[in-house]
Number of protein chains: 2
Amino acid sequence: MRVELVTIGDELLLGDTVNGNAAWMGRRLAEHGLEVTRSVVVGDELDVIVEAVEEALSRADAVIATGGLGPTYDDLTRDALAKAAGVALVRDAALERRLRERVAAAGRELQPMALRMADVPEGAGILVNSAGSAAGLRVRLGGGVVYALPGVPFEMRTMIDEVVLPELAGEHRVARRTLRTAGVWESVLATSLAPVEAMAGIRLAYLPDPAEVKIRISATGADAPGLLDEAEASVRELLGDVVYGAGEQTLDRVVHGLLAERSATVATAESLTGGLIGAELTRMPGSSATYAGGMVTYSTALKNELLGVPADLLEAHGAVHPDVAAAMAAGVRERLGATYGVAVTGVAGPEPQDGQAVGTIFVGVASPGGEPRVIRPSLPVPGAGPEIREVLRRMTVVHALEQLRRVILGLGAGPAEASGA
Amino acid sequence: MRVELVTIGDELLLGDTVNGNAAWMGRRLAEHGLEVTRSVVVGDELDVIVEAVEEALSRADAVIATGGLGPTYDDLTRDALAKAAGVALVRDAALERRLRERVAAAGRELQPMALRMADVPEGAGILVNSAGSAAGLRVRLGGGVVYALPGVPFEMRTMIDEVVLPELAGEHRVARRTLRTAGVWESVLATSLAPVEAMAGIRLAYLPDPAEVKIRISATGADAPGLLDEAEASVRELLGDVVYGAGEQTLDRVVHGLLAERSATVATAESLTGGLIGAELTRMPGSSATYAGGMVTYSTALKNELLGVPADLLEAHGAVHPDVAAAMAAGVRERLGATYGVAVTGVAGPEPQDGQAVGTIFVGVASPGGEPRVIRPSLPVPGAGPEIREVLRRMTVVHALEQLRRVILGLGAGPAEASGA
């Protein structure tokens with residue numbers, strides 16, 4: 001099953017919008033064993049859209065087009081599909097009724113232009129949009145099928161999951177799953193997983209993010225789902241507690257869940273990350289149950305004044321030191337009355353600081369039992385460009401959350417080099 | 001001049017990487033008056049790359065291909081261009097020497113595979129990569145030109161700016177510039193700018209981000225640069241102090257610059273944003289000179305304990321109230337000894353809180369002169385999906401930085417609805 005994507009919109013060609021829709025669809029389809037073999041972006045021009053859809057259909061079994069289904073006159077996907085199919089656009093009574101009801105419910109008046117969204121190519125299937133006004137379309141053309149979906153990400157995603165995937169991926173000759181790890185280098189993971197790579201019908205892919213690696217397991221064959229389960233079990237056995245989650249279970253969600261199960265809370269003390277750890281821990285709705293609050297002690301003096309880090313320690317070693325991380329974690333835990341305290345201090349660059357090299361970073365976690373744990377993550381310094389700083393800050397956030405996870409679960413420091421306390 | 005993009009790599013089709021390169025090139029080329037008319041993504045397959053390049057050349061004057069120039073056997077762009085041109089790959093002595101020198105300088109041994117990066121299609125122009133190992137290529141084919149550039153963003157960007165743009169955009173019949181505004185709705189801006197839209201040879205585009213709008217001015221004609229200056233002056237006159245910067249001057253950079261010029265500092269008190277404002281104010285290298293630190297008082301009790309917000313105020317009105325924002329801003333300014341204090345409190349959703357609707361947000365700014373200013377930004381609540389929360393948090397960050405900018409400059413609250421103090 002070969003699938004091509006056609007994403008439509010001048011804003012994509014001009015780069016005003018990054019094509020996140022194409023990336024999301026590629027990922028989602030791959031997870032369900034469907035191969036995206038080409039992806040094209042075209043602007044809001046009728047003939048160009050027609051040509052792009054026809055070309056894609058000449059190569060692929062299915063084409064997914066996004067965008068161009070709104071009410072304005074530069075929304076041309078409906079017209080393009082009608083032209084490609086050689087049929088007229090007809091107004092669909094049920095869609096028109098739905099539009100009128102939505103507008104009336106909002107207490108507004110229907111703009112005549114909006115009725116364009118009730119026009120469909122004759123004979124096309126209508127994909128109701130549970131999240132918005134513009135319906136999607138299914139058009140069968142020359143032995144293949146074209147799905148036209150709205151460009152609004154949430155609406156597109158809903159239709160992919162509710163309509164397109166069930167229709168296209170019914171058979172499942174390929175099965176895929178993604179496991180998530182934090183704080184371990186890709187080459188270390190790959191070495192451990194050699195036995196799984198050698199399994200017949202199994203392929204592994206490593207998808208690195210700053211300080212995280214997602215491992216995508218693909219199984220092919222008659223019993224792909226069974227084989228996938230077997231491979232996943234092997235990966236989990238070989239990597240042990242390094243796997244923190246699967247699929248969409250991001251690290252912030254996992255930590256939030258662990259804290260909520262225990263009716264526990266966490267407080268943060270940040271330096272180089274400037275607030276990113278707190279921001280990450282408050283992404284989830286309901287995070288007020290698990291996140292107490294935090295201090296951003298960017299200056300050295302504030303580490304003493306707000307967190308009680310001993311002044312002589314700061315004087316002797318500067319702010320970038322394992323004992324400072326430990327004192328920050330213990331200080332914020334105590335002062336904010338939280339179950340756990342997480343702290344980071346270090347040099348994000350691009351210049352060294354207090355005689356410490358860029359990438360020297362300490363993460364401290366304080367908990368109800370005993371002394372804080374401090375680790376010094378082994379961070380690859382990413383080149384010498386201006387982006388060092390942001391990458392190191394992101395890596396630090398991941399190591400902080402991962403170490404918090406390990407402490408909550410009673411696990412050791414893990415592959416990150418332990419240092420200090 | 002029509003340009004098509006061909007970005008190459010399985011990781012793009014699988015969605016493991018978002019196609020940021022295509023977006024960046026689209027934007028950069030548009031700024032220089034070049035129109036990207038189509039953009040295609042193909043995987044690492046020789047014949048597919050050849051076909052995509054040939055198709056693109058049949059429509060466009062120039063094709064820019066990125067990716068597939070590295071040392072491994074799935075790097076196939078060199079081979080594809082040789083095949084398309086009907087020539088052989090030949091090893092370039094100067095490139096080979098350069099590779100050997102780079103490897104020797106790093107104290108490593110040259111892998112035989114790496115020499116593939118010294119192979120070029122016979123007759124091709126070589127674009128030296130000042131930032132990495134893989135050279136770019138220029139191949140003239142059937143009346144058009146193909147540029148092949150590395151997929152590493154920094155290397156690609158350097159070659160676009162140093163080689164491709166000077167070669168393709170020499171004439172500059174179109175000139176473009178982008179101005180940045182924060183906190184004003186797109187429709188309000190567009191209404192104000194009607195006189196500029198009416199200027200002959202001028203086009204305006206509005207590029208919305210959460211709570212920000214970039215205005216791209218395009219001038220065409222014999223004296224495009226002169227016309228552009230004239231239009232820019234009109235936009236600035238019509239919008240006044242709403243324009244906070246141009247081009248790459250992001251709001252965090254502008255604020256950092258204003259504080260640095262005055263040897264002033266800012267401290268932050270955050271609630272719903274969980275630390276995002278502090279994170280934003282510490283993006284810039286050197287931000288320790290202008291950012292003192294912050295408190296993330298996520299729980300209501302901490303607003304009193306850490307920031308001194310009066311307990312009776314919190315009891316009477318809850319945490320989402322203009323007077324709470326004012327007290328938070330004054331409290332953090334005083335306790336952290338900063339010149340300015342910025343605070344936010346509000347409901348990010350997806351559920352209402354303390355009887356307040358999602359999107360009810362107050363921003364406070366305390367300064368050396370008098371009472372804190374509090375505004376209630378008029379925020380469009382973005383639909384009903386799970387992404388509400390993240391969008392509202394981003395918007396709140398922008399309003400906080402924009403209001404800080406206005407206070408530093410002695411400007412009024414601006415178009416955001418002023419409320420409270």
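The values are calculated or read from the model by the stated rules, or taken from the named source; none is laboratory data. For clarity, every value in this text was computed on a predicted model and none was experimentally measured. Note: ideal-geometry Cβ built from the backbone for every residue, glycine included; neighbour counts use all protein chains shown. With ligands, DNA and RNA removed, areas are computed over all heavy atoms of the protein, side chains included. Shrake-Rupley method; radii C 1.70, N 1.55, O 1.52, S 1.80 Å.
Restricting A:398, A:407 to residues that are open to solvent by 10 Å² or more (accessible area, probe 1.4 Å) and within 24 Å of the chain's Cα centre (by Cα) narrows the list to A:398. The single condition among (1) surrounded by fewer than 17 Cβ atoms within 10 Å (Cβ to Cβ); (2) in contact with a Phe, Trp or Tyr (Cβ under 9 Å, 6 or more places away or on another chain) that residue B:182 does not satisfy is (1).
Selection over region A:377-409 of residues that are closer than 24 Å to residue A:238 by Cα and at pLDDT 95 or above gives a count of 12. Specify the residue that is most open to solvent (accessible area, probe 1.4 Å); the eligible residues are those in region A:275-321 that are out of contact with any Leu (no Cβ under 6 Å at 6 or more places or on another chain), of a type in the set (S, T, N, Q) and in a loop (DSSP other than H, G, I, E, B). It comes out as A:299. For region B:1-27, filtering for residues that are part of a strand (DSSP E or B), over 15 Å from residue B:156 (Cβ atoms) and open to solvent by less than 10 Å² (accessible area, probe 1.4 Å) leaves 1. Which members of region A:313-344 meet the condition of being under 13 Å from residue A:297 (Cβ atoms) and not hydrophobic (A, V, I, L, M, F, W, C)? Passing the criteria: A:331, A:335, A:341. Can you tell me how many residues within region A:248-274 are farther than 14 Å from residue A:342 by Cα and part of a loop (DSSP other than H, G, I, E, B)? Result for region A:248-274: 5. From the set of residues in region B:28-58 that are open to solvent by less than 10 Å² (accessible area, probe 1.4 Å) and β-branched (Val, Ile, Thr), which is farthest from residue B:177 (Cα to Cα)? My answer is B:49.
Which count do you get for residues in region B:341-353 that are in contact (Cβ under 8 Å) with a residue 60 or more places away in the chain and open to solvent by 20 Å² or more (accessible area, probe 1.4 Å)?
First, pick out the residues of region B:341-353 that are in contact (Cβ under 8 Å) with a residue 60 or more places away in the chain: B:341-348.
Retained after the next criterion (residues that are open to solvent by 20 Å² or more (accessible area, probe 1.4 Å)): none.
Matching residues across region B:341-353 total 0.
Residues in region A:191-207 that are open to solvent by less than 30 Å² (accessible area, probe 1.4 Å) and either away from chain B (no Cβ under 14 Å) or of a type in the set (Phe, Trp, Tyr) (or both): A:193, A:196, A:202.
Considering only residues in region A:344-367 that are away from every other protein chain (no Cβ under 13 Å) and in contact with a helix residue (DSSP H, G or I) (Cβ under 9 Å, 6 or more places away or on another chain), the one that is modelled with the lowest pLDDT turns out to be A:359. Against the criterion of being surrounded by fewer than 17 Cβ atoms within 10 Å (Cβ to Cβ) and β-branched (Val, Ile, Thr), residue B:128 qualifies. Looking only at helices (runs of 4 or more DSSP H) that fall completely inside region A:158-220, which ones have 2 or more residues that are over 25 Å from residue A:396 (Cβ atoms) and at pLDDT 85 or above? By residue number, A:165-168, A:194-197. State whether the residues of region B:148-157 include one that is open to solvent by 10 Å² or more (accessible area, probe 1.4 Å) and in a strand (DSSP E or B). Taking every residue of region B:148-157 in turn, none turns out to be open to solvent by 10 Å² or more (accessible area, probe 1.4 Å) and in a strand (DSSP E or B). Just to be sure I understand the filter: pairs with C-beta atoms under 9 Å, separated by 6 or more residues or on different chains, first member in region B:243-257 and within 15 Å of residue B:409 (Cα to Cα) and at pLDDT 95 or above, second member open to solvent by less than 30 Å² (accessible area, probe 1.4 Å) and of a type in the set (Asp, Glu). Which pairs pass? What qualifies is B:244/B:402; B:251/B:402; B:255/B:402.
I want to confirm something. Restricting to region B:326-340 and keeping residues that are open to solvent by less than 40 Å² (accessible area, probe 1.4 Å) and either closer than 23 Å to residue A:337 by Cα or of a type in the set (Phe, Trp, Tyr) (or both), which single residue is nearest to the chain's Cα centre (by Cα)? Per the criteria, the residue is B:340.
Only residues that are more than 7 Å from chain B (Cβ to nearest Cβ) and under 16 Å from the mean Cα position of the chain (by Cα) were counted across region A:256-280, and they come to 1.
Note on region A:284-294: residues that are within 7 Å of chain B (Cβ to nearest Cβ) and under 19 Å from the mean Cα position of the chain (by Cα) amount to 1.
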